Amino acid sequence: MSQVPSRPETPAAALAELLAGNARFVTGARLHPHQDAERRAALVHGQRPFAVIFGCSDSRLAAEIIFDRGLGDLFVVRTAGQVVGPEVLASIEYGIHVLGAPLLAVLGHDSCGAVRATYDAITGAAVPTPGLQPIIDRVAPSLAAAPSAADLDAVSVVHIRRTVDALARSGLAEAVRSGACAIVGLTYRLAEGRVRVIATAGAGLAGVVGAPVLGWPRDR
Ligand SMILES: [Zn+2]
């Protein structure tokens with residue numbers, strides 16, 4: 001749309017924009033784009049976000065801040081431990097299929113409370129309240145799949161990768177196969193404020209993730 005001339009239109013361009021914004025956040029050179037009254041007015045009649053961010057609800061992981069973006073840029077879905085349920089999947093699909101975002105970013109992080117709560121529940125270190133059980137049930141398979149359940153940051157990485165894989169086989173599968181969208185798994189380090197790419201689904205991201213990403217290795 002004319003009111004959003006700089007919108008990235010491809011998965012690779014969208015990921016490059018996210019990584020560039022994160023680099024600005026890390027270095028303190030933030031632009032705070034699209035946060036003014038003019039932008040607000042331009043979006044009254046519609047939105048075309050360039051990425052869906054599906055991240056952990058952790059208060060230190062605010063999407064528009066860590067990617068240095070503003071109004072109308074990101075369609076954000078967050079749950080503790082970025083666990084997927086029917087409403088979450090429907091919201092993600094709305095962002096991709098209806099709003100036309102070319103990229104879905106699954107965003108996890110180190111020192112994740114949901115991963116810790118799952119570990120504590122499984123080892124008996126703590127008894128969760130019944131309402132937390134759906135989160136624990138959905139994180140537990142990632143804990144079981146990790147090389148060491150006690151290495152909780154490694155569990156977080158496994159959980160991000162498994163979530164990317166699951167979403168690639170969901171109602172997004174055809175869009176990923178056709179290249180209309182791609183999925184990237186990102187992990188965020190609380191101390192540094194930096195994201196790194198740890199998983200991708202879809203052919204459209206090869207040009208972006210083939211190069212070193214902000215100095216981080218792609219894998220642990
Ligand atoms: Zn978390």
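Quick note: the coordinates plus some simple rules give every number you see, no bench work behind them. Bear in mind that the values here come from a model prediction, so they are computed numbers and not experimental data. Neighbour counts are summed over all protein chains in view; Cβ atoms, including those assigned to glycine, are modelled from backbone coordinates with ideal geometry.
Some points to look at:
- Stokes-Einstein diffusion coefficient of the chain, Kirkwood radius over Cα pairs, 10 °C, 1.306 mPa s, in µm²/s: 90 µm²/s
- Where GluC sites (Glu not before Pro) fall in DSSP loop in the range 49-152, at most 10 other Cβ within 10 Å: none
- Gln133/Arg177 FRET efficiency (R0 35 Å; Cβ-Cβ; nearest 0.05): 0.55
- Cβ charges +1 (Lys, Arg) and -1 (Asp, Glu), total dipole of the range 22-150, debye: 200 debye
- Proportion of all alpha-carbon pairs of the range 42-128 beyond 19 Å (%): 46 percent
- Charged-residue dipole, Cβ positions (Lys, Arg, Asp, Glu), the chain about Cα centre, Debye nearest 20: 220 debye
- Mean Cα-pair separation over length for the chain, i.e. relative contact order, pairs under 8 Å, 6 or more apart, %: 21 percent
- Taking the helices alone, the chain has a mean residue ellipticity at 222 nm of -11500 deg cm²/dmol, built from -39,500 (n - 2.57) per DSSP H run of at least 4 residues and averaged over all its residues.
- Net charge over other residues, Cβ less than 15 angstrom from the Cβ of Phe75 (K, R count +1; D, E count -1): -1
- Dimensions (Å) - the range 16-57, Cα atoms, principal axes, largest first: 33, 24, 22
- Restricting the trypsin sites (Lys or Arg not before Pro) of the range 148-199 to loop positions (DSSP other than H, G, I, E, B) with no more than 13 neighbouring Cβ atoms within 10 Å leaves Arg169.
- Value of Rg/Rh across the range 70-116 [Cα atoms, Kirkwood radius]: 1.01
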